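Trainee: Take this structure first; my questions come after.
Read the figures in this text as sums done on the coordinates, not as results from a lab. From a predicted model like this one, the values you see are computed outputs, not experimental measurements. In this analysis, Cβ positions are derived from the backbone assuming ideal geometry, glycine residues included, and neighbour counts consider all displayed protein chains.
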Amino acid sequence: MRRPYRIAVMISLIATVCASVAIGGGGAVGKAPILVVIDAGHGGRDPGALGLSSSVEKDITLAVARSIALQATRYPNLSIVLTRIDDRFIELADRVAKARQVRAAVYVSIHANSAPDATARGVETYVAQGARDASGSAALAAELQKAVVVATGSKDRGVRSASLYTARATMPAALVELGFLTEKQDVRLLTDPSVQARIAARILEAVNRFVTQ
Ligand SMILES: [Zn+2]
């Protein structure tokens, strides 16, 4: 996630769900599945971070989000909603408006990092300062952080918070930066489809653990 995008992204954190595409889940009989929004960061004319090996953040976030939706059949108690299923630009205002309609129980925004320091690597997860569900968001972020560190084996940069526009967040929400596209080892991991699938599986596992604990 490039710095100028951070505020925009955190706005989408409180909201999202455009073109509402529900995939996966299914729902156990007699019990409504728990709605989980997975937001693939950036898209369309907003590429996000541009990294080594021609890597583009929007492509990596989409690949992981789609993999999460595909693997969600393992969790009939969850219903996954993606904010986008292809390479499209989504206005933040639209994400916010849609989010108000959907009432997700959990919100996970997926991003990848970049830095001028070519040695910076690792996973970090953000919780919005001032989020209404601060403790829920912190617990979710902790699960996500562990999950992605295990999936990639990269450095654990910890759960962080940012003072941003998130005051209207109502559900537990977190933003995970999978790794740095500007670092050789991380970019190799994040562009590998098998690693993307592993990250997706771990994120799903983490979300399920969060909602069932
Ligand atoms: Zn980003």
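Trainee: Calculate one ³J(HN,Hα) per residue across region 129-142 by plugging θ = phi - 60° into the Karplus curve 6.51 cos²θ - 1.76 cosθ + 1.60, and present them in order as whole Hz with x for glycine and proline.
Mentor: In residue order, the calculated couplings are 5, x, 5, 5, 9, 5, 6, x, 5, 5, 5, 4, 4, 4 Hz.
Trainee: Which of the aspartates and glutamates could a cross-linker bridge to residue 184, judged by Cα under 12 Å and excluding same-chain residues fewer than eight apart?
Mentor: 117
Trainee: Which ³J(HN,Hα) values in Hz, rounded to whole numbers, follow from the phi angles of region 47-61 under the Karplus curve 6.51 cos²θ - 1.76 cosθ + 1.60, where θ = phi - 60° and Gly and Pro get x?
Mentor: In residue order, the calculated couplings are x, x, 6, 10, x, 5, 6, 6, 6, 10, 4, 4, 6, 5, 5 Hz.
Trainee: Taking H as built 1.01 Å from N, whose amide H comes closer than 5 Å to the amide H of residue 122, not counting residues under 5 places away?
Mentor: 155, 180
Trainee: Please list, or write none, the aspartates and glutamates whose alpha carbon is within less than 13 Å of the alpha carbon of residue 58, excluding same-chain residues fewer than 8 places away.
Mentor: Output for residue 58: 39, 46, 86, 87, 177.
Trainee: Another question about this same structure. Of all alpha-carbon pairs in region 126-213, indicate the percentage at a distance above 22 angstrom.
Mentor: So the pairs more than 22 Å apart make up 30 percent of the total in region 126-213.
Trainee: Let me ask something else. Arranged by the count of other C-beta atoms within 10 angstrom, fewest first, what order do 57, 205 take?
Mentor: The order, fewest Cβ neighbours first, is 205, 57.
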